[in-house]
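Novice: A single structure is presented below for examination.
The values are calculated or read from the model by the stated rules, or taken from the named source; none is laboratory data. Please read these numbers as outputs of a predicted model, since none were measured by experiment. Cβ placement follows ideal geometry from the backbone for every residue including glycine, while neighbour counts extend to all protein chains displayed. To get the accessible areas, we keep the full protein, side chains included, count just its heavy atoms, and leave off ligands, DNA and RNA. Shrake-Rupley method; radii C 1.70, N 1.55, O 1.52, S 1.80 Å.
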Amino acid sequence: MIITEQKDFSDILKMLERQKRVFIVGCAQCATLCKTGGEPEVLHMKQRLEDAGLEVTGWVVLDPACHVLGDKRAFRKQREEIEIADSILVLACGNGVQAVGEALNRAAIPGIDTLFLGDIVRANEFQQRCTMCGECILDKTGGVCPVARCGKHLLNGPCGGSQDGKCETNPDEPCIWEIIVERLKADGNLEALEEVTPPKDWSKATDSGPKRLVIDR
């Protein structure tokens, strides 16, 4: 899921300083689980904006916000509330903000910051476990990603610098390569580490430029 955190309210007010009327959009998926853009957060934001002197023309929680066609269908029900709004404030990840903007063909303002792609470790705790590098090697590393979870991002490890099972770069974190070794050993597949993983082709990574995927059905 996409992990997010809400922007400082002062920053949101600064982005809206020339606006009088605002329509708020939330997301029923990732932002709801992160407690940054679900219905409670949308309603809380509505109250804070009204207390600050702005008019909230309406609000909606999309399911999910990052579905352009779904957004268009949902917005039809509140067309008038949206049309009279000076700004669209979106409490969703960067994908959601852009999808809302495309669905409405107008600028959308982000109310939360997108942090990383992560797993839910337990309630309200999230951990980055994938960097969307474009070349998954989990089959070689016991299903544990060293690109995202190794402090040195080593493709071939361990480095030898860990102590008592803790990472050399961050003693508060476990050495992920030690976990990988134990996982492979338990599966009887320790010989997988004998194969050297070549340098990654970072042109395939999500941060190397715009990406698009079309799935043929």
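Novice: If you go through the range 33-63, how many residues are open to solvent by 40 Å² or more (accessible area, probe 1.4 Å), modelled with pLDDT of 95 or more and not charged (D, E, K, R)?
Specialist: Result for the range 33-63: 8.
Novice: Something else about it: Within the range 10-24, can you find the residues that are outside any loop (DSSP other than H, G, I, E, B), farther than 10 Å from ILE84 by Cβ and touching a residue at least 60 places away in the same chain (Cβ under 8 Å)? Don't jump to the end; show me each part of the working.
Specialist: Of all residues in the range 10-24, those outside any loop (DSSP other than H, G, I, E, B) come to 10-15, 21-24.
Of the ones still in play, those that are also farther than 10 Å from ILE84 by Cβ are 10-15, 22, 24.
Correct list: ILE12, MET15, VAL22, ILE24.
Novice: Also: Looking only at the range 136-148, which residues are at pLDDT 90 or above and farther than 17 Å from PRO198 by Cα?
Specialist: Within the range 136-148, no residue meets the criteria.
Novice: Return yes when VAL22 is within 20 Å of the chain's Cα centre (by Cα) and surrounded by 21 or more Cβ atoms within 10 Å (Cβ to Cβ) and no when it is not.
Specialist: Numbers: within 20 Å of the chain's Cα centre (by Cα): no; surrounded by 21 or more Cβ atoms within 10 Å (Cβ to Cβ): yes.
The answer is no for VAL22.
Novice: Report yes if some residue within the range 201-210 is more than 30 Å from THR36 (Cα to Cα), exposed (fewer than 12 other Cβ atoms within 10 Å of the Cβ), at pLDDT below 85 and in contact with a helix residue (DSSP H, G or I) (Cβ under 9 Å, 6 or more places away or on another chain); otherwise report no.
Specialist: The answer is yes; a qualifying residue exists.
Novice: Also, I was wondering about something else. Take VAL68 and tell me if it is open to solvent by less than 60 Å² (accessible area, probe 1.4 Å) and within 10 Å of VAL25 (Cα to Cα). Step through it out loud before you land on a result.
Specialist: Details: open to solvent by less than 60 Å² (accessible area, probe 1.4 Å): yes; within 10 Å of VAL25 (Cα to Cα): no.
Spelling it out, it is not the case that VAL68 is open to solvent by less than 60 Å² (accessible area, probe 1.4 Å) and within 10 Å of VAL25 (Cα to Cα).
Novice: Which one is farthest from the chain's Cα centre (by Cα), of the residues in the range 1-19 that are open to solvent by 70 Å² or more (accessible area, probe 1.4 Å) and more than 20 Å from GLY96 (Cβ to Cβ)?
Specialist: Here the answer is ARG18.
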